[in-house]
């Protein structure tokens, strides 16, 4: 189905991001390559994934996941049909938001909530006419 990797904090990331994303990985010593056969939180996050074109053409993102989580649904769809994903440490992205521990916890909870469709909700910006 696809290949994906982990996330590492950028040099200017927060101390907590560096501890969680960089140091945590070093301590746990993830395998360099792993075969993934079932869904889990963050599996095949499309910030850093390569997928087969024929599978994409056969099943696109479910637009009901307007608030996020569509990549997890896509992976779940193909896992249910017997496909696998490959996780490789060589295919990682460097990404940081500069979040502290409390904000990282809140973000993690939000990511966990994306397991079911949630329609996109506008942030409430108004145009010049106040509408």
- Item | helices (runs of 4 or more DSSP H) lying entirely in the stretch 30-131 (those with 1 or more residues that are out of contact with any strand residue (DSSP E or B) (no Cβ under 8 Å at 6 or more places or on another chain), modelled with pLDDT of 70 or more and within 21 Å of residue 10 (Cβ to Cβ)) | 101-113
- Message: Within the stretch 6-22, does at least one residue satisfy the condition of being in a loop (DSSP other than H, G, I, E, B) and at pLDDT below 70?
- Response: yes
- Note on the structure: Restricting attention to the stretch 38-60, the residues that are surrounded by fewer than 15 Cβ atoms within 10 Å (Cβ to Cβ) and farther than 26 Å from residue 17 by Cα number exactly 9
- Scope the stretch 77-88; condition without any contact (Cβ under 8 Å) to a residue 40 or more places away in the chain and either closer than 25 Å to residue 32 by Cβ or crowded, with 20+ Cβ neighbours inside 10 Å (or both); matching residues: 82
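The values are calculated or read from the model by the stated rules, or taken from the named source; none is laboratory data. The shown structure was predicted, so the numbers you read here are calculated from the model rather than taken from an experiment. Reconstructed Cβ throughout: ideal geometry from the backbone, glycine too, with neighbour counts over all protein chains shown.
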